[in-house]
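This report refers to the structure that appears directly beneath it.
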Amino acid sequence: MSSNTNYTSQNFAQNGGAIGTTSSCRVAVVMIPYPDHGHLNQLLHLSRLISSYNIPVHFVSIPVAPAWKSVHSNVHFHDICIPFPVSRTKFISPKIPSFEAMVSVVSLHCEPIITLVEKLSNATERIIVIHDSLMFNVAKMVLATCSTLLTKQDIYSFTASSAFDYYANRQLFNGKPILIDGEPAKIFPSVRKTVPVPGFDFKKFLEESYAFNHKNVLNTSRLIEGGFIDLMAKKIDANESDEENEKWAIGPWIPSQILLTGEGNTIARNRDKCLEWLEKQSQNSVLFVCFGTTSTLSAEQIKEIAVGLEISGYSFIWVIPEPEDGDAKDGAVPPQDFEEIVHQRGMIVRDWAPQLEILCHSSTGGFVSHCGWNSCMESISMGVPMAAWPMQTDQPMNAFLITQVLKVGLMVRDWENGYGLVKSSAIAKAVRRLMGSDEGNKIRRRAKELSDAVKGSIKGNGATEEMDRFIAHITR
């Protein structure tokens, strides 16, 4: 039975800090996610997988959608109410607070997590903490306070980006070459250009994160990033033990109903207009365009995308979320007559869209993406070739992996272009290359081969053999 408690650090002890109705057990897992949509979703999926092994999982975060709580009945949700910074100067974009602002606020609310760990210790032999790597300071404080209940061996860092991004950043920060197939990469994204956070020392932050915890769980697969997982696992400190440097590639974290059958939630399929529209399109004919939940585009760029999609001649679904209060940029919508012009072959979704179900649909033949790692893993797993449009943080590294290493996509927007405008002609050219050229067909075949390999590694419960080994390890 799910335990849904809502508390702040002040009232947690008063309401008992409910840990659910789970009886005494050997192991319990506490999840500490970074409070951003993409990070939350990945750890929610991991929580679902771990709980399928009859291990109680306690998810401590900002409130998540009620739908998640109803679906994941074996996960106990503990909501922390976080007062987000008001100042827009603290935000990477209008939709996402900076790492520094977010983590500093969350760090003030460690007490609920500490209280939860103390209560769980009375009902379980061992507590495993899995924290988002961006939340290492929180995990550090919890470990310091609960040192009699936890050891560093019980704490794992969830890396929300690719193994390649982790490895590449570590090499760059240490002044070492990035090796691709044993050879140094000649052209590579600039880290300074990928993290547009004025005054924030990202290098120092990552170095401190790496130093605190080398035990990582990743939403990836050795079939996708095996070589980079091995490079990532190379010890920085010769005194490290093997156990202190564990790397667990236990993805993809996609519901088996979708991954293995290609079918999503039946109710959602019956009710969602874009899925109904996809049913009427031919195989591999539709381009899916979505830039995630936190990326913002200028009015001028949106107009260029609209024109590019129009002149490309291909069918598309384009997700443009309605702006939140205070987030709108004047005119940040397609031209007024755009939907009328393309209505027979294009669809604009102005709200949430079922991305995974769109990607698994046979009519979807390409994905224009910002290359957030969650989107990359979903696209790879579904065998959909990508048109990469990276913007910030790990996205340029992921785009490099997708286009230059895995070769399951092509570039639309070069990372060296910064936030420069991508013209409609370049967009249309990229769409045609992906959807209708020999180059695009080759990329599509490669994407399908990789997808087939990944799907072949998944069992009926959506887990891999490496996931089985990880569960055996934490319950040993």
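Being without any contact (Cβ under 8 Å) to a residue 60 or more places away in the chain and touching a helix residue (DSSP H, G or I) at 6+ places or on another chain (Cβ under 7 Å) is a description that does not apply to residue 472. Using the structure shown, decide if residue 108 is more than 17 Å from residue 154 (Cβ to Cβ), at pLDDT 65 or above and under 17 Å from the mean Cα position of the chain (by Cα). No.
Just wondering, is there one or more residues in the range 450-462 that are of a type in the set (S, T, N, Q), over 20 Å from the mean Cα position of the chain (by Cα), more than 30 Å from residue 28 (Cβ to Cβ) and surrounded by fewer than 20 Cβ atoms within 10 Å (Cβ to Cβ)? No, the range 450-462 contains no residue that is of a type in the set (S, T, N, Q), over 20 Å from the mean Cα position of the chain (by Cα), more than 30 Å from residue 28 (Cβ to Cβ) and surrounded by fewer than 20 Cβ atoms within 10 Å (Cβ to Cβ). Tallying residues that are outside any loop (DSSP other than H, G, I, E, B) and at pLDDT below 85 within the range 177-203 yields 6.
A quick yes/no check of all residues on (1) more than 28 Å from residue 232 (Cβ to Cβ); (2) modelled with pLDDT under 85:
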{"site": "62", "(1), (2)": "yes, yes"}
{"site": "71", "(1), (2)": "yes, yes"}
{"site": "83", "(1), (2)": "yes, yes"}
{"site": "86", "(1), (2)": "yes, yes"}
{"site": "102", "(1), (2)": "no, yes"}
{"site": "140", "(1), (2)": "no, no"}
{"site": "155", "(1), (2)": "no, no"}
{"site": "161", "(1), (2)": "no, no"}
{"site": "164", "(1), (2)": "no, no"}
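Taking each residue of the range 301-329 that is modelled with pLDDT under 95 and looking for partners that are of a type in the set (Asp, Glu) with beta-carbon atoms closer than 7 Å, six or more apart or interchain, yields 321/351; 322/351.
Please verify whether residue 233 is within 30 Å of residue 451 (Cα to Cα) and either among the aromatic types (Phe, Trp, Tyr) or modelled with pLDDT under 90 (or both), treating the condition exactly as stated. Spelling it out, residue 233 is indeed within 30 Å of residue 451 (Cα to Cα) and either among the aromatic types (Phe, Trp, Tyr) or modelled with pLDDT under 90 (or both). Flag not set for residue 424, criterion: buried (at least 18 other Cβ atoms within 10 Å of the Cβ) and within 22 Å of residue 38 (Cα to Cα). Taken across the range 379-401, residues that are of a type in the set (Asp, Glu), surrounded by 20 or more Cβ atoms within 10 Å (Cβ to Cβ), in contact (Cβ under 8 Å) with a residue 40 or more places away in the chain and not assigned by TED's automatic domain parsing to the domain that holds residue 179 do occur, with at least one present. Screening the candidates 371, 360 for the property of being buried (at least 24 other Cβ atoms within 10 Å of the Cβ) and not acidic (Asp, Glu) yields one hit, 371.
The values are calculated or read from the model by the stated rules, or taken from the named source; none is laboratory data. All values derive from a computational prediction rather than experimental measurement. Cβ sites come from the backbone with ideal geometry, for glycine too, and all protein chains shown count toward neighbours.
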